[in-house]
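Chemist: One structure, as structure tokens, below. Some questions next.
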């Protein structure tokens, strides 16, 4: 096994551990505060765990699944999140489901930026070096989590600082075009 492949596996294992912790925090705060942006973020953390597990299977020596299948599974994880965001944001906006004002989501988003940014960059660099579509797709899932962090900070932050509750589900809806682009690129 090459050093680059071994390094990518270590980064993917770290991604799984970090996202497990991040996902639990984001979902618990998202449920308690009724934050669509935080719930989407928490679900994305578990989708990223799924994508990482699929990537590990796709790059393993035993090749439990081929690269094309692994990449397609990761693509469908993007599609799943699109449907969740559409359903939850629409429900909240149509039913005036006001979320609670919290700063904890802002903290979760900021921490994620400092962890996910360098992590995505390293995995993307290795994936391109190895010309491995699975590692690249998994790195893009991490990169999406970074972008999602920014939207969570904006959505939760506008609500926290300006008491505009509907900006939270609107911020979640702003994630959809990028998610759809990634889905189409990797399906």
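Bear in mind that the values in this text are calculations on the coordinates, not laboratory data. Here the structure is a predicted model, which means the values were calculated and not measured. Here Cβ is always computed from backbone atoms with ideal geometry, including for glycine, and neighbour counts include all displayed protein chains.
Chemist: Filter region 101-131 down to residues that are part of a loop (DSSP other than H, G, I, E, B), touching a helix residue (DSSP H, G or I) at 6+ places or on another chain (Cβ under 6 Å) and either buried (at least 16 other Cβ atoms within 10 Å of the Cβ) or at positive phi (or both), then give me how many there are.
Modeler: 2
Chemist: Can you list residue pairs whose Cβ atoms sit under 6 Å apart, with the first residue in region 160-187 being touching a residue at least 60 places away in the same chain (Cβ under 8 Å) and the second being outside any helix (DSSP H, G or I)? Count only pairs 6 or more apart in sequence or on different chains.
Modeler: 165/98; 165/99; 168/35; 168/99
Chemist: While we're here: Determine, yes or no, whether residue 41 is touching a residue at least 24 places away in the same chain (Cβ under 8 Å), within 15 Å of the chain's Cα centre (by Cα) and either part of a helix (DSSP H, G or I) or on the phi > 0 side of the Ramachandran plot (or both).
Modeler: Here the answer is yes, as residue 41 does meet what is asked.
Chemist: Do the conditions hold for residue 23, that is, is it part of a helix (DSSP H, G or I) and touching a residue at least 24 places away in the same chain (Cβ under 8 Å)?
Modeler: Yes.
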